[in-house]
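**Student:** Got a structure for you, written out below as structure tokens; questions coming shortly.
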Amino acid sequence: MIRRFHQGEPLSERPGHTLVGVVRMPDTVQSPVQAIAKRVIGALAALMAAVLIVYFDRDGYRDVNDDGLSFLDAVYYATVSLSTTGYGDITPASSSARLVNVLVITPLRVLFLIVLVGTTLEVLTERSRQALRIQKWRTKVRDHVVVVGYGTKGRSAVSALMGDGMEPGSIVVVDTSQEALDAASAIGLVTVHGTGTSNDVLRVAGVPKARAVVVAANRDDTSVLVTLTARELAPKAQVVASVRERENEHLLRQSGADSVVVSSETAGRLLGMATATPSVVDMVEDLLTPDAGLAIAERDVEPSEIGGSPRHLPDIVLGVVRAGTLYRVDAPEADAVEAGDRLLYVKKVTPPKEADPR
């Protein structure tokens, strides 16, 4: 039974093969030389299989010269047969040879043509491969991060996530710009083409199973609507949103955002600080870059640290997170570390060593 889909049917209810073009899985990088080499090897393997089949059953073939088939004749017959040239000077005469031609040589001929001249078929194969990968991804995706908007803020958020050790395949980007989605796909991210204000698009991105949602829209009103939709789909997910103006921060928090970053004020503060103390700005940038230098991190309290002061620990502790509330290190509530607390501290990040080219 063939199921038909009408234009208004929700994307989240469709099977994977109908989402090719909407969801895009990251491509595996392969050089043109490797692709050509695989095609040539596949074609030669099909040709050699046909040669051996004909040669071992050479008594069942008839040559126009009636002098029997040599190995060279078997190579010649296999070549002209797989290329569909078929001069007819060598033909299968016995019933077994004809049966082998129908069941084996013909499928090899099709394989041979697909490998060598299957450019159009390769496109169809790619769509089928994408459909299978999308279907597999939809059944297994969970605890991932969805980034809505892949502009300047979205790209920086993704860089921070990957710098903190998150795998690219665990990040899903939602955007309406194909250029932005191509850039995201190029670094291995899963992409979904559509607007983040659509409940259906966010379902396709797996928001109900996501660990966190980053709202990086360019407009404050869009951020509010995306946050509302994401919170409705994922009540327990961490929703982090950016807003341009401070006056709209409360709207995002009322919409369900756990954290709100006011981009204009943050950038303005850094600009102001840079005029008097540029080195402070450099240090802040270092702390905000998780893949090198110093970085702000969060960890669980170790049993040996319970009861002690966070100011006396080997790590530089900035604050204590207790029951979801952050207390600065100089706050009275943070005088002693309790079981279940998490420490916000400064850690030194060692960049990964580059592989030896030798």
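**Student:** Using a 10 Å cut-off around each Cβ, can you sort Asp73, Asp282 from fewest to most neighbouring Cβ atoms?
**Tutor:** Numbers: Asp73 20, Asp282 12.
Sorted ascending by nearby Cβ count, the order is Asp282, Asp73.
**Student:** Return the Rg/Rh value of the stretch 142-266, two decimal places, where both radii are evaluated on C-alpha atoms and Rh is the Kirkwood radius.
**Tutor:** 0.93
**Student:** P(r) tail for the stretch 165-226, what percent of Cα pairs lie past 16 Å?
**Tutor:** Value for the stretch 165-226 (Cα pairs over 16 Å): 45 percent.
**Student:** Note down the nm distance, to one decimal, between modelled labels 7 Å out along Cα→Cβ at Thr222 and at Val40.
**Tutor:** Going from the Thr222 label point to the Val40 one covers 4.8 nm.
**Student:** Which lysines does Lys136 reach when only Cα atoms under 19 Å apart count, and residues fewer than 8 places away in its own chain are ignored?
**Tutor:** List returned: Lys209.
**Student:** Mind checking which of Ser259, Val320, Val243 is farthest towards the positive end of the stretch 237-349's charge dipole, using Cβ charges of +1 (Lys, Arg) and -1 (Asp, Glu) about the Cα centre?
**Tutor:** Val243
**Student:** How long, wide and thick is the stretch 261-324, going by the Cα atoms along their three principal axes, in whole angstroms, largest first?
**Tutor:** 43, 24, 22 Å, listed from the longest principal axis down.
**Student:** Using the Cα centre as the reference, give the magnitude of the dipole from point charges on the C-beta atoms of the stretch 292-349 (Lys, Arg: +1; Asp, Glu: -1; all else neutral), rounded to the nearest 20 debye. Show your work: numbers first, answer last.
**Tutor:** Working: 7 positive and 10 negative charges, 53 e Å.
The dipole of the stretch 292-349 has a size of about 260 debye.
**Student:** Give me, ordered by chain and number, the residues 5 or more places off Gly293 or on other chains with an amide H under 5 Å from its own placed amide H.
**Tutor:** Residues meeting the criterion, in which the H sits 1.01 Å from N, are Val349.
**Student:** If packing is taken as the average count of other Cβ atoms within 10 Å, what order do 45-57, 195-207 fall into, highest mean first? Let's see the in-between values first.
**Tutor:** Details: 45-57: 17.9, 195-207: 21.6.
Ranking the peptides 45-57, 195-207 by packing returns 195-207, 45-57.
Laboratory data are not the source of any read-out in this text; all were calculated from the coordinates shown. Note that the structure is a prediction, hence the values are computed from the model and not measured. All Cβ positions, even for glycine, are placed from backbone atoms using ideal geometry, and neighbour counts span all protein chains on display.
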